Amino acid sequence: MSPAPWHAPDPLSTGHVIGTVRTLMRTEGLDVSLTAIARACGTSRNFLYANWKSVSALHLRALTVELAQTFAAANRTHPSDGTVRGITEHLVQAVRLVRRHPTTAAVARSSRAAMATAHTVTEGPLVRVATEHLSDLLHPLEPYGGVQGSPVLYSRPWKILWVARPAALCPEAVGDPDWEDQLDGGFTHLLRDLLAPWAATSE
């Protein structure tokens, strides 16, 4: 039987472009230029401009995909069982993965201003991905109505996001076990405090 034909990636496909940007940003962070992306994709700057308008839009799309993939990776190794304990373990792993992700370090090197903004930004695609994931995780804590059915629980995704970012966006701690343990431990304690009202009923 002859092998299946191999097809090179379509340089005009969204998946190929965003995959290329993700790869470049893991070493160059926000210093990845439209020219470098076009060259690596095998396409033109005009094509990229026509479809994404700016290099910043490509950076943001790539970061959004990276964040979603990080949550998926955390779910594979530390899936939540819907309890406070399971949710906490899953989120600590997600925070750890963001902190250790090469793109996090590359963005920190290439743009201190963008990294500072990431700690405090209140809206945008990255915030939406994070809060949607948090809402899905917390949903089982309220059997009747989930997050939308409880004003108290409804406030928790935003609060969790605020306490998660200092631990997640600290790539300088990577490689220092004591520092990383302190970040993970502090985040764990804050999570337990925020989810304490549901601890007894979810175990």
List the chymotrypsin sites (Phe, Trp or Tyr not before Pro) in segment 130-164 that DSSP assigns to loop (not H, G, I, E or B) and whose Cβ has at most 16 other Cβ atoms within 10 Å. Which are they? Tyr144
Alpha-carbon centroids, segment 92-152 and segment 14-89: separation in whole Å: 15
Convex hull over the alpha-carbon atoms of segment 127-203: what's its volume per residue in Å³? 94
What list of ³J(HN,Hα) couplings, whole Hz, do you get for segment 92-99 from phi and the Karplus terms 6.51, -1.76, 1.60, once you set θ to phi - 60° and write x for glycine and proline? 4, 5, 4, 4, 4, 5, 5, 4
What are the ³J(HN,Hα) values, in whole Hz, obtained from phi via the Karplus relation 6.51 cos²θ - 1.76 cosθ + 1.60 with θ = phi - 60°, for each residue of segment 51-59 in sequence order, with x given for Gly and Pro? 9, 10, 6, 7, 5, 4, 5, 5, 4
Pairs of alpha-carbon atoms within less than 8 angstrom and 6+ residues apart define the contacts here; what relative contact order does the chain have, in percent? 23
Take the Cα atoms of the chain, find their three principal axes, and give me the spread along each one in whole Å, biggest first. 57, 46, 36
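Taken together, the values in this text are just the output of simple stated rules run on the coordinates, not laboratory data. Please read all numbers here as calculations on a predicted model, not as lab measurements. In this analysis, Cβ positions are derived from the backbone assuming ideal geometry, glycine residues included, and neighbour counts consider all displayed protein chains.
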